[in-house]
1. State which residue pairs qualify: first residue within 30 Å of HIS124 (Cα to Cα) and open to solvent by 50 Å² or more (accessible area, probe 1.4 Å) and inside the range 186-202, second residue in a helix (DSSP H, G or I) and modelled with pLDDT of 90 or more in any location, beta carbons under 7 Å apart, and separation of 6 or more residues or different chains.
2. Just to confirm my filter: which helices (runs of 4 or more DSSP H) fall fully inside the range 123-218 and include at least 2 residues that are at pLDDT 95 or above?
3. Report, by residue number, each residue of the range 48-75 that is within 28 Å of TYR17 (Cβ to Cβ), in contact with a strand residue (DSSP E or B) (Cβ under 7 Å, 6 or more places away or on another chain) and open to solvent by 30 Å² or more (accessible area, probe 1.4 Å).
4. Looking at the range 35-47 only, could you name the residues that are surrounded by fewer than 22 Cβ atoms within 10 Å (Cβ to Cβ), touching a Ser or Thr at 6+ places or on another chain (Cβ under 7 Å) and either without any contact (Cβ under 8 Å) to a residue 24 or more places away in the chain or outside any loop (DSSP other than H, G, I, E, B) (or both)?
5. Quick check, is ALA126 of a type in the set (A, V, I, L, M), touching a residue at least 60 places away in the same chain (Cβ under 8 Å) and either surrounded by fewer than 16 Cβ atoms within 10 Å (Cβ to Cβ) or farther than 22 Å from VAL235 by Cα (or both)?
6. Which ones in the range 96-114 are β-branched (Val, Ile, Thr) and either touching a helix residue (DSSP H, G or I) at 6+ places or on another chain (Cβ under 9 Å) or open to solvent by 10 Å² or more (accessible area, probe 1.4 Å) (or both)?
7. Please work out if SER21 is in contact with a Phe, Trp or Tyr (Cβ under 9 Å, 6 or more places away or on another chain), over 20 Å from ARG107 (Cα atoms) and either small (Gly, Ala, Ser) or in a strand (DSSP E or B) (or both).
8. Residues that are over 30 Å from VAL38 (Cβ atoms) and out of contact with any Lys or Arg (no Cβ under 7 Å at 6 or more places or on another chain): does the range 157-180 have at least one?
Amino acid sequence: MIRMNFRAWLTMDYDAYERHSVVSRLLRAAHLAVDARVLDVGGRAALLGQFTPYRVVAVNVDGSGDVLYGGGSLPFADNACEAVVTLDTLEHVPRAVRLPLLRESLRVARQCVIVAAPWGSPAHIARERELDALYTELHGTSHAYLGEHVRYGLPDADEIAAWRTALGSRARLYFAGDYVWQSRHFERVLRAPFMPSGWATRLKRFYTHRSARAVWHPVSLNSSPYPTANRFYLVLEKGADSSDVPDMGLVQA
């Protein structure tokens, strides 16, 4: 672990820790210059910077980044940053917007683009629909994030293959996480406010809070999708042909 990762490992939820630590690892594998500039599209100010030594600039439509982004063209020149990353952003925009956003990211990147998003396996998609329906039943409205997942759809194998063909960049694809236990945790969080009071409820809430910490869940990358995969990581190399390359030792058994 590098630079503040140890503290995040102890205190951060696994889901947030995984995507930021994995992207940091992929950035290091890209052999960027020490003073490299990284653009975080859809990120929050100072968050990815906790995991990497590079200079990170976050752009976001909600004002939580370093730069306010209004959609469409990114407000940066061609090759302005060594790398561009987007973490759990594409599932919150319509499918028609995703490929243009990736093209924009490649335009701004000098070396590579790294995409992280929930993996759209049929079982994962069905489970998220169930959770959003449960949230709607309990709260009377769709969940802010899950609702967009359901409305816009999670990127699946066909869509990712289409991106790789259209962009023509050399690509690496990895998978991590377990949507089954993460969805069970989310369901416990949803039901917690509606549970009867008492020591048993307090104990369950304590377990729900603590069990989600990253310290209890080792982060592992796989080069192939597996039944419970929660998230994919796509690395696109700028200016390289579309042939796949080895994983450079990133994959863990």
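The values are calculated or read from the model by the stated rules, or taken from the named source; none is laboratory data. Computed from a predicted model, the values in this text were never measured in an experiment. So basically every Cβ, Gly included, is an ideal-geometry build from the backbone, and we count neighbours across all protein chains shown. The accessibility values were calculated without ligands, DNA or RNA, using every heavy atom of the protein model including side chains. Shrake-Rupley method; radii C 1.70, N 1.55, O 1.52, S 1.80 Å.
1. PHE186/LEU131; PHE194/LEU138
2. Working: elements: 144-152, 157-167, 179-191, 199-211.
So the answer is 144-152, 157-167, 179-191.
3. Those that are within 28 Å of TYR17 (Cβ to Cβ), in contact with a strand residue (DSSP E or B) (Cβ under 7 Å, 6 or more places away or on another chain) and open to solvent by 30 Å² or more (accessible area, probe 1.4 Å): ARG55, VAL56, ASP66, VAL67.
4. Looking only at the range 35-47, we keep the residues that are surrounded by fewer than 22 Cβ atoms within 10 Å (Cβ to Cβ), and these are 35-37, 42, 44-47.
Next cut, touching a Ser or Thr at 6+ places or on another chain (Cβ under 7 Å) only: 42, 44-45.
Selection gives ARG44, ALA45.
5. On the way: of a type in the set (A, V, I, L, M): yes; touching a residue at least 60 places away in the same chain (Cβ under 8 Å): no; either surrounded by fewer than 16 Cβ atoms within 10 Å (Cβ to Cβ) or farther than 22 Å from VAL235 by Cα (or both): yes.
So ALA126 does not fit the description; no.
6. Once the filter is applied, which keeps residues that are β-branched (Val, Ile, Thr) and either touching a helix residue (DSSP H, G or I) at 6+ places or on another chain (Cβ under 9 Å) or open to solvent by 10 Å² or more (accessible area, probe 1.4 Å) (or both), the range 96-114 yields VAL97, VAL113, ILE114.
7. Numbers: in contact with a Phe, Trp or Tyr (Cβ under 9 Å, 6 or more places away or on another chain): yes; over 20 Å from ARG107 (Cα atoms): yes; either small (Gly, Ala, Ser) or in a strand (DSSP E or B) (or both): yes.
In short, yes.
8. First pass over the range 157-180, keeping only residues over 30 Å from VAL38 (Cβ atoms): 180.
If we keep only those that are out of contact with any Lys or Arg (no Cβ under 7 Å at 6 or more places or on another chain) as well, we get 180.
Within the range 157-180, one or more residues are over 30 Å from VAL38 (Cβ atoms) and out of contact with any Lys or Arg (no Cβ under 7 Å at 6 or more places or on another chain).
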